[in-house]
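Quick notes on the structure that follows.
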Amino acid sequence: MSDRYTKTTVRRDLVISDLISVHYFEYSKTYRFGGEAHPFWELLYVDKGEVDVQADSTAFHLTQGEIVFHKPDEFHTVSANGVVAPNLVVIAFDSDSEAMRRFEHAHFKAGETERNLFADIIANAIEAFATPLDDPQTTRLQRREDCRFASEQLLVMQLEQLLIRLLRRSESQTNVRISSSIKLRTDHDLVTRIVAYMAEHVYGTLTFSDVCRFSAQSATNLKTIFKNVTGVGVMSYYRNLKIEEAKRMLREGDGNITQIADRLGYTSVHYFSRYFKRTTGMTPSEYTLSIQAKI
């Protein structure tokens, strides 16, 4: 009976064979990298802020959510603009797939799915490797002995999925767009609006009741929807927005610790410092020194 069946070997159009490095950098507004070329692929994703990139004879000004690729042996530089401190994801890898040629000098804008994939890739890199993600001198990834099952494999699968999604989307940019007047509001749309609302009020205070009124949702519905989309609670997300803004202000020298705590609506600089350390693992002073050391 087994003779009736024919196996189909799965065609893999894009394969990543080796991982070189995975980085997440938080740079100051004056950061500048003089440039390098190497015999493998590299992608740069701007998680926050903006940077200027030079790749051979092509120049890019990248803002939050944008991605650029460097092909093997392409000389490239990156620098902050002196105004906004950038957070960057940089991933280096090898692939001999023909489809990779379509990434030469390619420039993309990440959508929500791609942003989530980047977050998952970083999370799996932390699980799989002991190498610090913010060390620019990394030349070899050190595997963790106690990593979770298949973290490394899952990371590469997510990276392949990211690349495939980018290529597919570039092929379908001419698709008819649904009119915004008839587009149903999804949970993701709602959370996007809520996050924007919280970001607008990061300098000050918001209560959970304030967010409920803005979203026109009951407390139970709001908790469920927000947690399902973001993975964290509403007020935890809001407090993390404040910490991210505090980190940006510290990197850009936008006030001392007391001034920053006051501008962000903290009632006490000591409470601000304790929550900052609980979130980042460093006090505000230690974080500032770590940024200066990278410069």
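If you check LEU206, LEU190, LEU222 for being over 24 Å from LYS48 (Cβ atoms) and out of contact with any strand residue (DSSP E or B) (no Cβ under 7 Å at 6 or more places or on another chain), only one passes: LEU222. Within segment 36-59, the set of residues being loosely packed, with under 14 Cβ neighbours inside 10 Å, assigned to a strand (DSSP E or B) and at pLDDT 90 or above comprises just one member, GLU36. Among the residues of segment 265-291, those that are in contact (Cβ under 8 Å) with a residue 24 or more places away in the chain and under 23 Å from the mean Cα position of the chain (by Cα) comprise TYR275, PHE276, THR279, THR280, PRO284, TYR287, THR288, ILE291. Every listed requirement among (1) modelled with pLDDT of 90 or more; (2) polar (S, T, N, Q); (3) assigned to a loop (DSSP other than H, G, I, E, B) is met by SER236 save one, (3). Checking ALA130, ALA80, ALA106, ALA92 one by one, the residue that is in contact with a strand residue (DSSP E or B) (Cβ under 9 Å, 6 or more places away or on another chain) and crowded, with 21+ Cβ neighbours inside 10 Å is ALA80 and no other.
The values are calculated or read from the model by the stated rules, or taken from the named source; none is laboratory data. Since the model is a prediction, treat every value here as computed from it, not as a measurement. Heads up, the Cβs are rebuilt from the backbone with ideal geometry, glycines too, and the neighbour counts pull from every protein chain shown.
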